[in-house]
Amino acid sequence: MTTHVRIVGTGLIGTSLGIALSQNGFRVSLDDPSPTAVRLARDLRAGEVADEQPGAPDVVVVAAPPDVAAGVVVDALNRWPDAVVTDVASVKESVLRVVLDSGADASRYVGSHPMAGRERSGAAAARADLFDGRAWVVVPHEASTDAAVRRVREVALSVGSAVRVMPAHEHDEAVAAVSHVPQLAASIVAACLRELPESAVGLAGQGLRDVTRIAASDPRLWTQILAGNAPAVRDVLRHVRDQVDDVVGALDSLADADGEGALGTLSRVLEAGNLGHARIPGKHGAAPAAYEVVSVVVPDEPGSLARLLTDVGAAGINLEDLHLEHGLGQAVGVAEISVVPSSVEPLRAELARLGWRVHD
Ligand SMILES: NC(=O)C1=CN([C@@H]2O[C@H](COP(=O)(O)OP(=O)(O)OC[C@H]3O[C@@H](n4cnc5c(N)ncnc54)[C@H](O)[C@@H]3O)[C@@H](O)[C@H]2O)C=CC1
Ligand SMILES: O=C(O)C(=O)Cc1ccc(O)cc1
């Protein structure tokens, strides 16, 4: 029988999920306090407006802001006595605590968190493939039934996510380090740009863009996320502060004293960064792949990049990643094509043969 999923909160995450589930044969009904948000989600083919859908849902996914998520979960458990209820809030322990204290039937509640998102909010930013190949944390608690856990896993797997199961406190500690502190770091670095003269900001290259991409995220959402995970975020941030203090000490010594030991400190911090970076998983949560980059000059003309990608495909080589370096006002850019090491030489030779300028 077709599974009926009710999505409550049709912003970025709810609408993306609705589109992906609808494409995979689920029956989806949509609800949101904002009638405009529901209708936009419906128009984007995320499902039908809930008022127009008869019958109780099998699964309710609460995709509302973190500070109201727990209350919406409790309402859903009370309203639909046979439904499994999950939420996708970025913090899990604070939601679980409210649900357990509410007296509602928590055996049908299983928390969850897709590790996929964008720096934009709202249904208009939704993407059908948002969850594809990304981790989706399923967060059961002591009273969750196996049947409820299976239902939530089914939702995550059917949109292409890789399921990871862990308890709420472990989830919150993990995301403090891999998501919440990185968001703060991006915001703090970007905030330092506010007072810079135009002539300085104009020198920005890809490094600054990479480090600050998520500084464009929604401050209202992130204030709630950080507040909801305060102890774990604070602990990671203290660790960051200790390392910043070490670096400042080394730089003080270089600037004002004999600099003894300072280069060692700087080098250790940078090498530790290499080691941490190498642990970030590659595509589909797989172990980080050691790809190599082939750099190719691309003229700034219509169709150039498409022609390059066609030539890579025709050479029978799998493109693992693509990055375009493109300075403002330049007539050419550089495409950095990541491939497995064994493909580097064949690709270089083939592209050079076809007349592309391939860099060392
Ligand atoms: N934005 C991201 O990158 C990610 C967000 N999340 C989590 O997903 C949830 C939704 O986030 P987004 O989709 O980004 O937010 P959003 O701002 O795009 O959408 C939130 C929606 O919830 C609705 N809403 C507000 N109060 C509500 C209530 N009381 N009941 C039902 N709906 C209500 C709003 O009208 C809005 O349409 C949050 O809990 C967030 O922590 C999880 C993974 C990634
Ligand atoms: O933009 C990215 O790289 C993200 O990882 C987005 C994201 C934002 C919030 C979450 O709770 C989970 C994922």
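The values are calculated or read from the model by the stated rules, or taken from the named source; none is laboratory data. These numbers were taken from a predicted model, which means no experiment stands behind them. FYI the Cβ positions are ideal-geometry reconstructions off the backbone, even for glycines, and counts take in every protein chain you see. The accessibility values were calculated without ligands, DNA or RNA, using every heavy atom of the protein model including side chains. Shrake-Rupley method; radii C 1.70, N 1.55, O 1.52, S 1.80 Å.
A few comments on the model shown:
- If you take the Cα centroid of region 83-103 and the Cα centroid of region 11-52, the two points sit 22 Å apart.
- Per residue, the accessible area of the chain comes to 54 Å², computed with a 1.4 Å probe over protein heavy atoms only.
- Straightening the chain between ASN24 and LEU193 buys 56.4 nm, computed as 0.36 nm per residue apart minus the Cα-Cα spacing.
- Relative to the globular-protein estimate of 2.2 N^0.38 Å, the Cα radius of gyration of region 1-155 stands at 0.94.
- Taking the convex hull of the alpha carbon positions in region 97-233 and averaging its projected area over all directions gives 10.3 nm².
- Across the protein chains, with a 1.4 Å probe defining accessible surface, the residues ASP246, ASP51 rank ASP51, ASP246 from largest area downward.
- For region 22-32, Karplus couplings with θ = phi - 60° (6.51, -1.76, 1.60), whole Hz, Gly/Pro x: 4, 5, 9, x, 7, 8, 10, 10, 10, 9, 6
- Estimated vicinal HN-Hα couplings, Hz - region 44-51 in sequence order (Karplus 6.51, -1.76, 1.60; Gly, Pro = x): 7, 6, 8, x, 9, 5, 4, 4
- Pairwise label distance in nanometres, ALA125 with ASP360, each label 7 Å out on the Cα-Cβ vector: 4.3
- Other residues with beta-carbon under 12 Å from the beta-carbon of MET166 carry, at +1 per Lys or Arg and -1 per Asp or Glu, a net charge of -2.
- Among LEU44, LEU347, LEU221, the largest mean-square fluctuation in a Gaussian network model of the chain (Cα springs under 10 Å) belongs to LEU347.
- Only Cα sites of the chain enter the Debye sum here, all with the same form factor; the resulting log10 I(q)/I(0) across q = 0.10, 0.15 1/Å is -0.79, -1.30, listed in q order.
- Residue (of GLY202, PRO81, SER304) at the positive-pole extreme of the chain, dipole from beta-carbon charges: PRO81
- Descending semi-axes in whole angstrom, ellipsoid equivalent of region 146-295, from the Cα gyration tensor: 34, 20, 19
- The chain, accessible surface, carbon-and-sulfur percent (1.4 angstrom probe): 55
- Taken about its Cα centre, the chain carries a charge dipole of roughly 960 debye when the Cβ of each Lys and Arg holds +1 and the Cβ of each Asp and Glu holds -1.
- Distance between modelled label sites at ASP146 and VAL165, nm, 7 Å Cα→Cβ extension: 0.9
- Our helix-only sum for the chain, with -39,500 (n - 2.57) per DSSP H run of n ≥ 4 divided by its residues, gives a mean residue ellipticity at 222 nm of -14000 deg cm²/dmol.
- Each residue, GLN330 and ASN318, gets one label point 7 Å from its Cα in the Cβ direction; the gap between the two is 3.0 nm.
- In order along region 236-248, phi translates into HN-Hα couplings of 5, 5, 4, 5, 4, 4, 4, 6, 4, 4, 4, 5, 4 Hz, rounded to whole numbers, per the Karplus curve 6.51 cos²θ - 1.76 cosθ + 1.60 with θ = phi - 60° and x for Gly and Pro.
- The coefficient of translational diffusion for region 14-105, derived via Stokes-Einstein from the alpha carbon Kirkwood radius under 20 °C and 1.002 mPa s, stands at 156 µm²/s.
- Of all the options ASP58, ASP235, ASP256, the one that moves most in a Gaussian network model of the chain with Cα springs shorter than 10 angstrom is ASP256.
- Square roots of five times the Cα gyration tensor eigenvalues for region 106-177, Å: 22, 15, 11
- Taking N as the residue count of region 1-52, its C-alpha radius of gyration divided by 2.2 N^0.38 Å amounts to 0.96.
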